[in-house]
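Values quoted throughout were computed directly from the atomic coordinates according to the rules given, and no laboratory measurement underlies them. For clarity, every value in this text was computed on a predicted model and none was experimentally measured. Every residue, glycine among them, receives a Cβ derived from its backbone with ideal geometry; neighbour counts consider all protein chains shown.
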Amino acid sequence: MLGLKLSTDPRWVNIVEKNIEEILIDHAFCEQKAASNAISMIIQYPHYSDLVEAMTLICQEEMEHFKMVHDKLIERGYKLGFERKDPYVNDLALYLKKTKTQSSKKGFFVNQMLFAAMIEARSCERFKILSEEINDEDLRTFYRSLMESEARHYTTFLGFARKYGEGIDIDKCWQQFLDFESSLMDKYGKNETMHG
């Protein structure tokens with residue numbers, strides 16, 4: 001359903017299990033950034049009322065998730081700490097900056113939607129692996145509950161790309177982006193971060 005062309009190596013969970021604090025801190029910041037991204041979309045595209053409504057709901061949900069992850073940190077005696085850089089996200093952004101669609105206003109919008117959709121898709125896939133493979137029963141249940149909303153967000157962003165990207169071959173752009181993303185997977189899945 002997600003269309004990702006290369007799955008995360010399940011051994012990534014073994015890395016995560018060695019540093020639960022790090023994955024939870026990184027995850028908390030991923031949720032916060034997703035909420036910030038939704039707010040940014042509202043500011044940039046106030047003329048798309050349906051997008052404003054959808055982004056408002058996504059922002060609320062992402063901040064709820066942030067609180068849930070922060071609560072997990074506190075429960076386990078950890079603190080939030082400082083934001084970490086996300087090289088995976090930077091690699092996706094660099095790729096999109098080089099595409100032809102980036103040069104038009106409509107293409108820029110499409111790229112923003114595809115960017116958000118890709119991050120949600122990979123996050124959803126990582127949550128699924130954690131919900132199935134991690135030995136910590138509490139976190140298994142926790143990640144299962146979050147997985148479904150990430151899948152919903154992914155389809156929301158792709159839907160807006162298709163709706164407002166008329167004249168752009170969205171499916172072709174998405175498939176090329178999926179190809180690029182799969183080429184990154186050799187670099188990632190080796191750190192105890194959500195996309196690392």
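Overview of values
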item	result
Equivalent ellipsoid, the chain (semi-axes from 5 times Cα gyration tensor eigenvalues, Å)	28, 19, 14
Over segment 94-174, relative contact order from alpha-carbon pairs under 8 Å, at least 6 apart, %	36 percent
Ellipticity estimate at 222 nm from DSSP helix runs (n ≥ 4, -39,500 (n - 2.57)) divided over the chain, nearest 500	-25000 deg cm²/dmol
Difference of contour (0.36 nm per residue) and Cα-Cα distance, N19 to Q44	5.2 nm
Size of charge dipole - segment 51-183 - debye, nearest 20, with Cβ of Lys, Arg +1 and Asp, Glu -1, no other charges	600 debye
Length-normalised contact order for the chain - Cα pairs under 8 Å, 6+ apart - percent	33 percent
Selection from Q175, M118, A35, by position along the positive dipole direction of segment 12-184 (Cβ)	Q175
On Cα atoms only, tilt of 137-164 relative to the major axis of the chain in degrees	0 degrees
Cβ-based net charge around H65, under 11 Å, with every Lys or Arg adding one and every Asp or Glu removing one	-4
Helix 49-75 vs. the chain, principal-axis angle (Cα, 0 to 90°, nearest 10)	10 degrees
Of F142, V13, P87, farthest towards positive along the dipole that unit charges on Lys, Arg, Asp, Glu beta carbons give the chain	P87
Distance violations [Cα-Cα > 29 Å] among K106/K128; K163/K190; K72/K97; K79/K190; K128/K190; K98/K163	K106/K128; K163/K190; K72/K97
Nearest-20 debye value, segment 1-109 charge dipole, Cβ charges on Lys, Arg, Asp, Glu	640 debye
Euclidean distance between Cα centres, segment 1-26 to segment 69-120, Å	16 Å
